[in-house]
Amino acid sequence: MDRSNKPYDGLFGRPTSHMLAMSAASSSSLSLATILSSGLKGGITGGIEICITYPTEYVKTQLQLDEKMGGMKRYKGIWDCVVKTRQEHGIRGLYRGLSVLLTGSIPKSAFRFGTFEELKRRSVDEHGNLSPIKRLLCGMGAGISEAIFAVTPMETVKVKFMHDQTLRNPQYRGFIHGVRHIVRTEGIRGTYQGLTATILKQGSNQAIRFFVMETAKDIYRGGDPTVYVPKAWIFLFGGVAGAASVFGNTPVDVVKTRMQGLEASKYKNTLDCAQQILRHEGPKAFYKGTVPRLSRVCLDVGITFLIYETISDLFKKYLNI
């Protein structure tokens, strides 16, 4: 008897290619829904977080750009940078370049959380847990994703914009004008300076942060992923994860910032930049801006995970996603 038009090859037989295609489509739809919902939650999280923590990011970048290569340093320290910025530009000066970072932070967080949640969904065991190595790899994947699709162009424009504002005669009149000027004079490639360093930074950053966060939550839950973790603990775990990432990759962050500054052309590549910093400024230069970065990142990561978890709870409660 011809069974070519039957949905199954027998009562308990193998499904036909049509059934397999439907199953694959269903899985693909689930995957897409996961990415989109996680990306949306991540985007909202990024927008709120950057508005809270931007002044410390501004100070950190200014101190890193305040090079010590044959000239007098412009700033004596964190507070001096804050005071001089306020004297020259008013309190709004600490938010110069916010539009650049805000524009980039939303897609950055979207790619980060969207990628991590999808990789996690594909990597958990039958109990819904991630092994330690998979926590690292999922976090690294999230960092590489955001580095390529959001962080590198956003950070390049941000650093150039901030550096430009320290000049006596700034050439950028605003964010849009700055982007147009960079693309016109350097091409699209001009917005991807320091890509290698950024991938290293973001990949290691998120590998460390998600590893610490997932490990801390797993310890609190005793291995049961259904146990609720209070928001206060989420904030604390996030702060610890942020501190761990700062001490782990501040040198990479310094090199990345130099590679994306207005004087990046004096460096042949990422390795040459690191060698010149070591030769002219010494090992300590690799940890310039550590204190302001530490305060910013601990607050930043704690707030980020707290907001993301809160938004996730709201999505589950009201949207069932």
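The values are calculated or read from the model by the stated rules, or taken from the named source; none is laboratory data. Source: prediction; values computed, not measured. Here the Cβ is made from the backbone with ideal geometry for all residues, glycine too, and neighbour counts use every protein chain on show. Quick note on the areas: whole protein, heavy atoms, side chains included, nothing else; ligands and nucleic acids left out. Shrake-Rupley method; radii C 1.70, N 1.55, O 1.52, S 1.80 Å.
Within the option set Arg209, Arg168, Arg180, Arg173, being without any contact (Cβ under 8 Å) to a residue 12 or more places away in the chain and in a helix (DSSP H, G or I) holds for one residue only, Arg180.
Please determine whether any residue of segment 113-126 is among the aromatic types (Phe, Trp, Tyr) and in contact with a Cys (Cβ under 7 Å, 6 or more places away or on another chain). Within segment 113-126, one or more residues are among the aromatic types (Phe, Trp, Tyr) and in contact with a Cys (Cβ under 7 Å, 6 or more places away or on another chain). Taking segment 270-319 as the range and being within 22 Å of Tyr58 (Cα to Cα), open to solvent by 60 Å² or more (accessible area, probe 1.4 Å) and touching a residue at least 24 places away in the same chain (Cβ under 8 Å) as the test, the residues that pass are Tyr287, Val291, Ser295, Leu299. Looking only at residues in segment 166-197 that are among the charged types (D, E, K, R) and more than 17 Å from Tyr267 (Cβ to Cβ), the one that is modelled with the highest pLDDT is Arg184.
Taking the listed residues Gly242, Gly248, the one that is touching a residue at least 60 places away in the same chain (Cβ under 8 Å), closer than 30 Å to Asp80 by Cα and either touching a helix residue (DSSP H, G or I) at 6+ places or on another chain (Cβ under 7 Å) or outside any helix (DSSP H, G or I) (or both) is Gly242, with no other qualifying.
The residues in segment 244-267 that are surrounded by fewer than 18 Cβ atoms within 10 Å (Cβ to Cβ) and either under 20 Å from the mean Cα position of the chain (by Cα) or not aliphatic (A, V, I, L, M) (or both) can be counted, and the count is 5. Comparison of Ala147, Ala142 shows that the only residue that is hydrophobic (A, V, I, L, M, F, W, C), within 27 Å of Tyr95 (Cα to Cα), in a helix (DSSP H, G or I) and open to solvent by less than 20 Å² (accessible area, probe 1.4 Å) is Ala147.
Within segment 108-125, the set of residues being open to solvent by 40 Å² or more (accessible area, probe 1.4 Å), aliphatic (A, V, I, L, M) and part of a helix (DSSP H, G or I) comprises just one member, Leu119.
Would you mind stating whether Gly223 is crowded, with 21+ Cβ neighbours inside 10 Å, in contact (Cβ under 8 Å) with a residue 12 or more places away in the chain and either within 26 Å of Ser131 (Cβ to Cβ) or not polar (S, T, N, Q) (or both)?
On the way: crowded, with 21+ Cβ neighbours inside 10 Å: no; in contact (Cβ under 8 Å) with a residue 12 or more places away in the chain: yes; either within 26 Å of Ser131 (Cβ to Cβ) or not polar (S, T, N, Q) (or both): yes.
No.
Among (1) under 23 Å from Asp300 (Cα atoms); (2) not in a loop (DSSP other than H, G, I, E, B), there is one condition Thr185 misses while meeting the rest; what is its number? Condition not satisfied by Thr185: (1). Here Val291 passes the criteria (1) part of a helix (DSSP H, G or I); (2) in contact with a Ser or Thr (Cβ under 9 Å, 6 or more places away or on another chain) except the one numbered (2).
The condition (being open to solvent by less than 20 Å² (accessible area, probe 1.4 Å), modelled with pLDDT under 95 and on the phi > 0 side of the Ramachandran plot) is satisfied by just one residue among Gly128, Gly97, Gly90: Gly97.
Does Ala241 qualify as being at pLDDT 95 or above, among the hydrophobic types (A, V, I, L, M, F, W, C) and under 30 Å from His163 (Cβ atoms)? Lay out the reasoning, then the answer.
Numbers: at pLDDT 95 or above: yes; among the hydrophobic types (A, V, I, L, M, F, W, C): yes; under 30 Å from His163 (Cβ atoms): yes.
Against the criterion (at pLDDT 95 or above, among the hydrophobic types (A, V, I, L, M, F, W, C) and under 30 Å from His163 (Cβ atoms)), Ala241 qualifies.
Yes/no per residue for (1) modelled with pLDDT under 80; (2) under 31 Å from the mean Cα position of the chain (by Cα); (3) not β-branched (Val, Ile, Thr):
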| site | (1), (2), (3) |
| --- | --- |
| Lys6 | yes, no, yes |
| Leu11 | yes, no, yes |
| Lys41 | no, yes, yes |
| Glu57 | yes, yes, yes |
| Gln62 | no, yes, yes |
| Met72 | yes, no, yes |
